[in-house]
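Below: the structure, in structure tokens.
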Amino acid sequence: MPDGNDQALASVEAVAAEMFGSSLPQAQKYAELLTGSGVERGVVGPAEAERIWDRHLLNCGAIARLVPAKAAVVDLGSGAGLPGIVLAILLPGVRVTLLEPLARRVDFLAECVAELGLSNAEVVRGRAEDLAGHTLGDVVTSRAVAPLDKLAGLSLGLARPGGRILAIKGASAETELAKARPVLARLGVTDARVVHAGSAGGGATATVVTFTAPEHRVSGTASSGRSAGRPDSRPGGRPGNRGGYGAGSAAGRKARPNSRRGGG
């Protein structure tokens, strides 16, 4: 009889097949990139390689049902491409901007976009603060970028009036939302809440803080103080090493698929 590990693996495989459908080979290729060159370049932590599907890909894919089919998405602090690349795979009608300030991550993202043939995704190197009001999405996503009280202003600066913010937060969601409510109120947000998103079959879930960008921009949006760092890995978090914004960031510079392979 199969042991517990075999059963867990079979369950993850079944959920992945249900979630990605005909796009599963593309998702598998992305997983190979994450656990191969992603680990080699320090974009993904070595400990995350064995749980790249259940902890990361499926967790990110669970929010796809919250994104309108034809939306323009900005993935803030995209890092290894989670959730932005997953959404680009699952939602071919969606246009995804992978916004990331660090050079080594930008290079990795560009490689992924090229290798996966994601014509609906582009990589932009820059800081959210610098691109506020210029790179705008109907939906702004993030995962393990910063505490919500700092993340809110950054996200709203990248959202169209009336756009949606989707911040994957895991177990900390309720606590972070409670702490951030005074900041959200100053930013004109009135509908922030925690939602538990799930795949069609219920096999993958994600805990998300979501709210709507005000129809009129509030002064102070996107001025969250220090630049947001990114933790190594934690429940609901993004795999990778801690990193702030690179000193040589060129805001708004788009990465080409053949961009250099150097670190940031």
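The values are calculated or read from the model by the stated rules, or taken from the named source; none is laboratory data. These numbers were taken from a predicted model, which means no experiment stands behind them. Note that each Cβ is placed from the backbone with ideal geometry, even for glycine, and that neighbours are counted across all protein chains shown.
Yes/no per residue for (1) outside any helix (DSSP H, G or I); (2) at pLDDT 95 or above; (3) farther than 22 Å from residue 97 by Cα:
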site	(1), (2), (3)
7	no, no, yes
10	no, no, yes
13	no, no, yes
28	no, yes, no
38	no, yes, no
49	no, no, yes
61	no, yes, no
74	yes, yes, no
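Based on what the data block shows, is residue 153 surrounded by fewer than 22 Cβ atoms within 10 Å (Cβ to Cβ) and more than 15 Å from the chain's Cα centre (by Cα)? Criteria not met by residue 153.
One residue stands out in the stretch 149-162 among those that are part of a helix (DSSP H, G or I) and of a type outside the set (A, V, I, L, M, F, W, C): the one that is nearest to residue 84 (Cα to Cα), namely 155.
Sub-8 Å Cβ pairs linking a first residue in the stretch 81-94 that is farther than 15 Å from residue 71 by Cα to a second residue that is of a type in the set (Asp, Glu) and assigned to a loop (DSSP other than H, G, I, E, B), at least 6 apart or interchain, number zero.
Please specify each residue of the stretch 117-139 satisfying the condition of being under 26 Å from residue 25 (Cα atoms) and at pLDDT below 95. Once the filter is applied, which keeps residues that are under 26 Å from residue 25 (Cα atoms) and at pLDDT below 95, the stretch 117-139 yields nothing.
As for the stretch 163-170, it holds at least one residue that is over 24 Å from residue 70 (Cα atoms) and in a loop (DSSP other than H, G, I, E, B).
Exactly one residue among 174, 215 is out of contact with any helix residue (DSSP H, G or I) (no Cβ under 6 Å at 6 or more places or on another chain), among the acidic types (Asp, Glu), exposed (fewer than 14 other Cβ atoms within 10 Å of the Cβ) and modelled with pLDDT under 95, and that residue is 215.
A Cβ distance below 7 Å, combined with a sequence gap of six or more or placement on separate chains, defines the contacts here; from the stretch 13-31, residues that are in contact (Cβ under 8 Å) with a residue 40 or more places away in the chain and more than 18 Å from residue 203 (Cα to Cα) reach residues that are of a type in the set (A, V, I, L, M) and assigned to a helix (DSSP H, G or I) in the pairs 26/89; 26/116; 29/116; 30/85; 30/89; 30/116. When you scan the stretch 140-148, do you find a residue that is at pLDDT 95 or above, more than 27 Å from residue 20 (Cα to Cα), outside any strand (DSSP E or B) and touching a Ser or Thr at 6+ places or on another chain (Cβ under 6 Å), even just one? No, every residue in the stretch 140-148 fails to be at pLDDT 95 or above, more than 27 Å from residue 20 (Cα to Cα), outside any strand (DSSP E or B) and touching a Ser or Thr at 6+ places or on another chain (Cβ under 6 Å). Does residue 54 count as touching a strand residue (DSSP E or B) at 6+ places or on another chain (Cβ under 6 Å) and either at pLDDT below 95 or not hydrophobic (A, V, I, L, M, F, W, C) (or both)? Taking the combined requirement at face value, the residue does not satisfy it. Residue check: residue 209 meets all listed conditions (1) out of contact with any strand residue (DSSP E or B) (no Cβ under 6 Å at 6 or more places or on another chain); (2) modelled with pLDDT of 95 or more but one, namely (1).
One line per residue, one yes/no per condition, for (1) on the phi < 0 side of the Ramachandran plot; (2) of a type outside the set (Gly, Ala, Ser); (3) touching a strand residue (DSSP E or B) at 6+ places or on another chain (Cβ under 6 Å); (4) at pLDDT 95 or above:
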position	(1), (2), (3), (4)
163	yes, no, yes, yes
189	yes, yes, yes, yes
193	yes, yes, no, yes
198	yes, no, yes, no
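Evaluating residue 50 against the criteria (1) without any contact (Cβ under 8 Å) to a residue 12 or more places away in the chain; (2) within 11 Å of the chain's Cα centre (by Cα) leaves one unmet condition, (2).
Sort out which residues of the stretch 112-129 are in a helix (DSSP H, G or I), in contact with a helix residue (DSSP H, G or I) (Cβ under 9 Å, 6 or more places away or on another chain) and among the aliphatic types (A, V, I, L, M), and write them in order of number. Show your work before the answer.
Taking the stretch 112-129 first, the residues in a helix (DSSP H, G or I) are 112-116, 128-129.
Right, trim to in contact with a helix residue (DSSP H, G or I) (Cβ under 9 Å, 6 or more places away or on another chain) and you get 112-113, 115-116, 128-129.
Within the stretch 112-129, 113, 116, 128 qualify.
For every residue, the table says whether it meets (1) in a loop (DSSP other than H, G, I, E, B); (2) under 24 Å from residue 196 (Cα atoms); (3) within 10 Å of the chain's Cα centre (by Cα).
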{"site": "89", "(1), (2), (3)": "no, yes, no"}
{"site": "92", "(1), (2), (3)": "yes, yes, no"}
{"site": "96", "(1), (2), (3)": "no, yes, no"}
{"site": "110", "(1), (2), (3)": "no, no, no"}
